[in-house]
Amino acid sequence: MPGRNGKVRVLLVGAKFGADLHMGGYARCRDLAEIVAICGRHSEQVQAIADKYGFSGFAVHDDYERAIAEVDCDVVDVCLPNYTHHDVAVAALRRGRDVIVEKPLATTTADAEEMVAAARAAGRHIYYAEDWFFAPALQRARALIAEGAIGTPLYIRAKENHSGSHSPYAQTIRYCGGGAMIHLGIHPMGFVLGLKENRWTDLVAMATGGLEHNLKHKALEGEDWATALLTFDDGTRALIEANYVTSGGMEDAVDVYGTEGVLHVDLSFSSPIRCFSVPGPSYTVEKAEVTTGWSNPVVDERYTFGSVDEIRHFMECCAADREPREGLRGEDGLEALRVVELAYRSAREKIWIRNEKMGQGG
Ligand SMILES: NC(=O)c1ccc[n+]([C@@H]2O[C@H](COP(=O)([O-])OP(=O)(O)OC[C@H]3O[C@@H](n4cnc5c(N)ncnc54)[C@H](O)[C@@H]3O)[C@@H](O)[C@H]2O)c1
């Protein structure tokens with residue numbers, strides 16, 4: 001299926017923050033992938049993102065329906081806000097294209113189910129872009145767990161927190177699907193579910209109620225603080241945390257407690273650089289409000305947080321017409337979203353939820 005020069009032909013839909021993450025990956029995957037078209041509402045955003053990573057010779061579109069209908073490509077990379085994922089992906093799948101879909105897979109489980117069904121009907125692949133699986137530190141942590149370095153994992157704690165999304169589309173439930181848990185917590189949720197092969201049995205969650213019920217963000221429709229506790233069928237416990245009340249930069253971290261050891265991964269603040277600056281560097285880490293004083297400027301953010309290896313994996317899968325690794329399939333994105341939705345229900349109704357798919361076990 002790859003194009004005439006043997007490369008996977010990509011139509012990138014979106015030209016802002018999420019698209020920038022993927023462009024950082026494509027920039028280091030030029031041997032395998034070719035950006036044949038970029039679709040963005042604002043041509044200056046399209047040009048800026050292409051210039052930043054040194055891409056040229058692509059077609060420019062401002063309407064994704066026309067782009068999907070007209071662009072001859074192998075894969076459509078969906079980097080638009082959450083509320084569009086379903087429509088863009090289904091249109092592309094029906095056109096016979098594979099799709100890469102940014103997190104969360106959709107804003108509702110019902111939409112995500114339709115996407116997975118559309119992929120099956122078309123015989124095409126959904127590549128669910130959960131970049132945590134490609135963060136080098138988390139890949140190494142998984143390898144350490146697999147070789148038994150900490151014995152049997154008993155308890156996993158995983159979080160993504162920061163001070164609030166930059167995106168206007170993250171402020172309303174219609175556009176985002178919820179608040180911090182769907183927008184940030186979907187990363188630790190997807191990662192932990194993937195680690196445990198989706199074999200969760202029980203779930204209980206708490207969340208602030210949005211707007212005036214929030215801890216800090218009184219204009220945000222979704223919650224600004226949420227936690228979910230999960231039990232897996234082998235007895236492992238997990239705590240997933242997501243909030244918008246964290247100052248000082250994005251916290252992405254995983255702790256795993258095992259029978260014979262413990263493992264701590266800090267993706268955000270583990271840079272080997274310690275810097276004290278009076279004027280402040282231009283950038284240190286995502287969502288840091290200030291950069292003055294002491295900081296840990298991230299070395300290579302696209303690589304550290306997984307986008308680089310993620311795009312390469314998806315291009316290799318596309319070229320070989322195969323499904324991605326576990327945790328990154330459409331079904332995995334659907335399950336992460338289903339659990340987030342159930343967490344919202346648990347928090348709202350103050351109930352403990354059992355996983356019907358796992359029967360009475362656990
Ligand atoms: N993996 C990660 O760590 C990560 C980080 C940030 C964002 N994301 C994901 O990337 C996706 C995009 O988020 P973002 O941060 O780039 O958002 P953004 O608000 O920065 O940019 C959204 C862009 O989409 C355009 N847009 C909005 N609705 C549109 C429509 N109907 N048709 C065409 N264009 C439309 C806007 O004009 C804007 O250019 C989201 O799904 C988000 O969850 C992932």
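Please treat every number below as a calculation from the coordinates, not as lab data. Values in this document were obtained by computation on a predicted structure and should not be read as measured data. When we count neighbours, we look across all protein chains shown, and the Cβ atoms used for this are built from the backbone with ideal geometry, even at glycine.
Things worth noting here:
- Long-range tail of P(r) for the stretch 210-362 (Cα pairs > 25 Å, %): 53 percent
- With at most 14 other Cβ atoms within 10 Å, longest stretch of the chain clear of loop GluC sites (Glu not before Pro) (DSSP): 1-146
- Reciprocal mean inverse distance between Cα atoms of the chain - Kirkwood radius, Å: 20.9 Å
- Between Ser268 and Asp252, the built amide H atoms are under 5 Å apart, and every one of these is 5 or more places off in sequence or on another chain.
- Helix-only CD estimate at 222 nm, as mean residue ellipticity for the chain, using -39500 (n - 2.57) per DSSP H run (n ≥ 4): -9500 deg cm²/dmol
- Cα-based Rg / Dmax (Å) for the stretch 184-276: 15.6, 47
- Rounded D (µm²/s) - the stretch 294-348, Kirkwood Rh over Cα pairs, Stokes-Einstein at 37 °C, 0.692 mPa s: 235 µm²/s
- Global form of the stretch 103-199, assessed from the alpha-carbon gyration tensor, a/c cut-off 1.5: oblate
- Normalising the average separation of contacting C-alpha pairs (under 8 angstrom, six or more residues apart) by the number of residues puts the relative contact order of the stretch 208-362 at 14 percent.
- Rounded, prolate or oblate (a/c below 1.5 giving rounded, otherwise prolate when a/b exceeds b/c) for the stretch 4-150 by Cα gyration tensor: oblate
- At most 15 other Cβ within 10 Å, DSSP loop - trypsin sites (Lys or Arg not before Pro), the stretch 293-362: Arg322, Arg325, Lys350
- Scaling the Cα radius of gyration of the stretch 130-284 by the globular reference 2.2 N^0.38 Å produces a ratio of 1.12.
- Counted over the chain, the DSSP beta bridges are approximately 55% antiparallel.
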